[in-house]
Amino acid sequence: MPGVSSGFETVDGVLHAERVPLPAIAAAVGTPAYVYCANTIRERFRRLDEAFAGIPHHIHFAVKANSNLHVLRVLQSLGAGVDIVSGGELYRALEAGFRGTDVVFSGVGKTVDEIAHALEAGVQLINVESEAELVVIDMVAGQKGVKAPIAIRVNPEVTVETPHEYIKTGEKGQKFGIPRDDVARLCDVIRDLPNVELRGLGMHLGSQIGNADPLRDALPRLLSAIAYARQAGHPVAFMDVGGGLSVPYESHEAPADIEDYARVVRAAVQEAGLTLLLEPGRYLVAESGVLLTRVLYRKHAAGKDFVVTDSGMSDLIRPALYHAYHGIEAVSATSGSITADVVGPICESGDFFAKDRVLPDVKAGDLLCVRTAGAYGFTMASNYNSRPRPAEVLVDGERFAVAGAREQLDDLVRLERAPLQWRTA
Ligand SMILES: Cc1ncc(COP(=O)(O)O)c(C=O)c1O
């Protein structure tokens, strides 16, 4: 489909990231490594931005999807803001060059310190997710002598279809947001708090949402909450529709229909007459990234073929956590095909990238590319089984650079080296 290339194309039998052959990256930085295409991120950002041309809007990239500083800088240079969910993400965002006013702070469990740092940074909005949190924000703002700009995250309680239940957030009974029936009461509570100002209302329905139907259901509920807040005298300026745009992981899946999404959201924003905030994560970065891994062994057991790679669930947990599908390709053309499980070296039966997958007949030493790994890949990586986390590489045209160095063995123990300083209570 024109305009939606991931940046990964096969040229003369070798998979390239933009104009860089992936074997050259593997030779330079080793495997496993995440590889991101800067131009794909730029193209996705521009597409989304253009879909909302003509209405006041701001795209806040959800840092949880990919928090690499250099990836953040690519987005920052395009004019993006960020959606953060922790003090760590705030730290990264500021380090990457974002200003406080570029930041929207979401998340269901913000600590006093995180709220204090957000206020010091001068964030655009703190999204309130409970009355208890609201009271703490008011208290911290009072101590600092500032008025905290807040938004209510509404849980519109609509039906949300996602490929896995763990990525639904806007349904009844979820931990996220203020239940829609409680929003009016919270607006009244806010009126009596001296150190907060209600500047916005928003929602986030979930992730990997394939069509605009849940939005169609949820927007009227958000609009009626906005109308109540304004009627109650709150200076509401922002309407935040969250993230959730889907990307195709399997070849038969269609890309998100940005035009339909924009049509639905535009109508609501125009009705509200507010500045629109969007919080896409996956849409901007998922397809821009792959996980490059090398085949360690082939194994045949109990009538099955296994391809054992040097990367596993500690590097990319999505298949284990969400039963997520990731396309897997041989980096260099290989004849013949096999049906195999692609598994990692980790001592868990859940450590697999694919089950019963038809693959090229790869051998030990061959490179594999796990596709659509630019979102919730490295950010969810861990040191499980004491494995250093992989390198991250940014490609831009015919150039590539290490954007995150591979962890070393020393990194695994550095914070535990100090001799025990025993204390008693
Ligand atoms: C509050 C919030 N906004 C935005 C996002 C980004 O979602 P996605 O990556 O599906 O666009 C998330 C993801 O969990 C989220 O929790």
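Can you tell me how many residues within region 49-82 are within 14 Å of the ligand (Cβ to nearest atom), in a helix (DSSP H, G or I) and among the β-branched types (Val, Ile, Thr)?
2
Of the residues that sit in region 237-246 and are crowded, with 24+ Cβ neighbours inside 10 Å and among the aliphatic types (A, V, I, L, M), which one is farthest from Tyr376 (Cα to Cα)?
Across region 237-246, the extreme among qualifying residues is Met239.
Anything in region 219-257 that is within 16 Å of the ligand (Cβ to nearest atom) and among the hydroxyl-bearing types (Ser, Thr, Tyr)? List them, or say none.
Within region 219-257, Ser246, Tyr249 qualify.
Being of a type outside the set (Ser, Thr, Tyr), over 25 Å from Phe8 (Cα atoms) and away from the ligand (no atom under 16 Å from the Cβ) narrows it down to one of Arg99, Arg46, Arg42, Arg92, so name that one.
On inspection, the qualifying residue turns out to be Arg99.
For region 207-218, indicate whether the set of residues that are surrounded by 15 or more Cβ atoms within 10 Å (Cβ to Cβ), of a type in the set (Asp, Glu) and either within 14 Å of the ligand (Cβ to nearest atom) or at pLDDT 95 or above (or both) is non-empty.
Within region 207-218 (the criterion being surrounded by 15 or more Cβ atoms within 10 Å (Cβ to Cβ), of a type in the set (Asp, Glu) and either within 14 Å of the ligand (Cβ to nearest atom) or at pLDDT 95 or above (or both)), the answer is no, since none of the residues qualifies.
I want to confirm something. Restricting to region 280-324 and keeping residues that are within 16 Å of the ligand (Cβ to nearest atom) and of a type in the set (Ser, Thr, Tyr), which single residue is surrounded by the most Cβ atoms within 10 Å (Cβ to Cβ)?
Here the answer is Ser288.
Between a residue in region 114-129 that is free of Cβ contacts under 8 Å to residues at least 60 places away in the same chain and any residue that is hydrophobic (A, V, I, L, M, F, W, C) and part of a loop (DSSP other than H, G, I, E, B), which pairs come within a Cβ distance under 7 Å, given they are 6 or more apart or on different chains?
Leu119/Val146; Glu129/Val108; Glu129/Phe176
Taking region 148-179 as the region of interest, how many residues are at positive phi, surrounded by 18 or more Cβ atoms within 10 Å (Cβ to Cβ) and of a type outside the set (Asp, Glu)?
1
The values are calculated or read from the model by the stated rules, or taken from the named source; none is laboratory data. All of these numbers come straight from a predicted model, not from anything done at the bench. So basically every Cβ, Gly included, is an ideal-geometry build from the backbone, and we count neighbours across all protein chains shown.
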